Amino acid sequence: MDQRFRDFDDIVTDMADVRARIRAPLPAIEHKVLDHIDSLCRDFIEASPFVVMASRSSGGWLDVSPKGDPAGFVRVLDEHHLAIPDRPGNRRLDTFQNLLANPQLALIFLVPGKGETLRVSGEARIVRDAALRESMAVKGRAPEFATVVYVERAFMHCPKCVMRSGLWKPETWGDANRVADIGTAMIEHAGLSDTPEEWFEKIEADGGLDMY
């Protein structure tokens with residue numbers, strides 16, 4: 001027995017056990033997966049200011065990284081190719097390290113106010129083609145890199161999860177002020193002796209607050 005889950009008595013180990021409790025989807029739902037970006041997917045991507053990228057390291061560790069920019073920042077180059085600009089971040093480069101070892105990438109696009117999401121996956125490369133990077137410049141600054149994805153799977157996901165969460169309904173939101181900000185989390189998780197003010201001063205001096 002895996003000791004990490006020793007406190008659980010009824011662990012599912014067979015998909016048949018899952019299907020015994022959840023019936024099969026309608027055939028159309030099973031067959032809705034595209035192998036390319038069609039006009040509906042293109043419209044969704046061009047309206048999206050936020051995408052989450054999932055990648056896997058050579059050691060098998062999974063990572064999920066959020067990316068955001070003005071709507072349409074992910075470029076649809078053609079029906080099989082997407083380009084995602086790399087903007088300034090924390091410089092950990094987790095996604096890039098993963099892609100160099102394992103090029104598979106999965107994306108989920110969100111559009112504010114929209115319940116549906118768009119799921120896309122395929123194989124990716126990190127590129128530095130000047131014309132592409134310059135076409136993705138914001139405020140006169142082109143990204144140093146772009147991630148180009150060759151789309152192998154794309155499909156729209158139903159809105160139930162967004163509806164249940166009340167994601168786009170401010171009246172359902174709790175008090176966000178009770179949740180730690182990045183400064184407080186960094187100090188505690190990295191064992192720093194700085195105050196939040198001192199940490200943000202260091203980050204600002206290091207260029208960590210630069211948007212582009």
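The values are calculated or read from the model by the stated rules, or taken from the named source; none is laboratory data. Since the model is a prediction, treat every value here as computed from it, not as a measurement. Note that we place each Cβ from the backbone using ideal geometry, even for glycine, and neighbour counts take in every protein chain shown. Side chains are part of the model used for accessible areas, which takes the heavy atoms of the whole protein and leaves out ligands, DNA and RNA. Shrake-Rupley method; radii C 1.70, N 1.55, O 1.52, S 1.80 Å.
Stretch Ala20-Ala71 to full length: gain in nm at 0.36 nm per residue minus the Cα-Cα span?
14.2 nm
Rounded to the nearest 0.05, what FRET efficiency is calculated for Gln3 and Leu209 with R0 set to 41 Å and r the Cβ-Cβ distance?
Working from the Cβ atoms, E equals 0.40.
For Arg42 and Tyr150 in the same chain, what is the full-extension length gain: residue separation times 0.36 nm, less their Cα-Cα distance, in nm?
37.5 nm
How large, in percent, is the carbon and sulfur part of the accessible surface of segment 93-183 at a probe radius of 1.4 Å?
In segment 93-183, the share of accessible area belonging to carbon and sulfur is 56 percent.
Can you check what the net charge comes to around Val76, using other residues whose Cβ is under 9 Å from the Cβ of Val76 (Lys, Arg +1; Asp, Glu -1)?
Summing Lys and Arg as +1 and Asp and Glu as -1 gives -1.
In percent, what relative contact order does segment 111-177 have, based on Cα pairs under 8 Å that are 6 or more apart in sequence?
41
With θ set to phi - 60°, apply the Karplus curve 6.51 cos²θ - 1.76 cosθ + 1.60 along segment 119-130 and write out the HN-Hα couplings as whole Hz, x wherever there is a Gly or Pro.
The phi angles translate into 9, 9, 8, x, 9, 10, 9, 8, 10, 10, 4, 4 Hz.
Run down the lysines and flag those whose C-alpha is under 18 Å from the C-alpha of Lys160, throwing out any fewer than 8 positions away in its chain.
Cα-Cα hits under 18 Å: Lys32, Lys114, Lys169.
Decide, for the chain, between rounded, prolate and oblate: order the square roots of the alpha carbon gyration tensor eigenvalues as a ≥ b ≥ c, take rounded if a/c falls under 1.5, and otherwise choose prolate if a/b is larger than b/c, else oblate.
Oblate is the answer for the chain, as a/c is 1.5 or above yet b/c matches or exceeds a/b.
Using each residue's phi in segment 2-11, evaluate 6.51 cos²θ - 1.76 cosθ + 1.60 at θ = phi - 60° and report the 3J(HN,Hα) Karplus result to the nearest Hz, with x for Gly and Pro.
6, 5, 5, 10, 5, 7, 10, 9, 10, 9
What ranking do 68-77, 107-116, 175-184 get when scored by the average of other Cβ atoms within 10 Å per residue, highest first?
Put in order of decreasing packing, that is 107-116, 68-77, 175-184.
Mind listing the phi-derived Karplus ³J(HN,Hα) values for segment 183-193, rounded to whole Hz, using 6.51, -1.76 and 1.60 with θ = phi - 60°, and x for any glycine or proline?
Going residue by residue, I get x, 4, 5, 4, 4, 6, 6, 9, x, 7, 9 Hz, with x marking Gly and Pro.
Cβ under 15 Å from Cys158's Cβ, Cys158 left aside: what net charge do those residues give with Lys, Arg +1 and Asp, Glu -1?
+3
Treat each spin label as a single point 7 Å out from the Cα along the C-beta direction, and report the Val33 to Glu134 distance in nm.
4.0
Quickly work out the Asp63-to-Thr184 label distance, labels modelled 7 Å from Cα along the C-beta direction, and quote it in nm with one decimal.
A separation of 2.7 nm, rounded to one decimal place.
Among the aspartates and glutamates, select those whose C-alpha is under 13 Å from the C-alpha of Lys139, and discard any that sit fewer than 8 residues away in the same chain.
Once the sequence-local aspartates and glutamates are set aside, what remains near Lys139 is Asp69, Asp210.
Obtain the radius of gyration and the Kirkwood radius of segment 78-171 from its C-alpha atoms and give Rg over Rh.
With Rh from the inverse mean 1/r over Cα pairs, Rg/Rh is 1.03.
Given the DSSP H assignment, sum -39500 (n - 2.57) over each helix run of at least 4 residues in the chain and divide by its residue total; what's the result at 222 nm in deg cm²/dmol, nearest 500?
The helix-only estimate for the chain comes to -6500 deg cm²/dmol at 222 nm.
List every residue whose amide H lies under 5 Å from the amide H of Leu118, counting only residues 5 or more places away in sequence or on a different chain, with H placed 1.01 Å from N in the peptide plane.
Result for Leu118 returns Phe109, His157.
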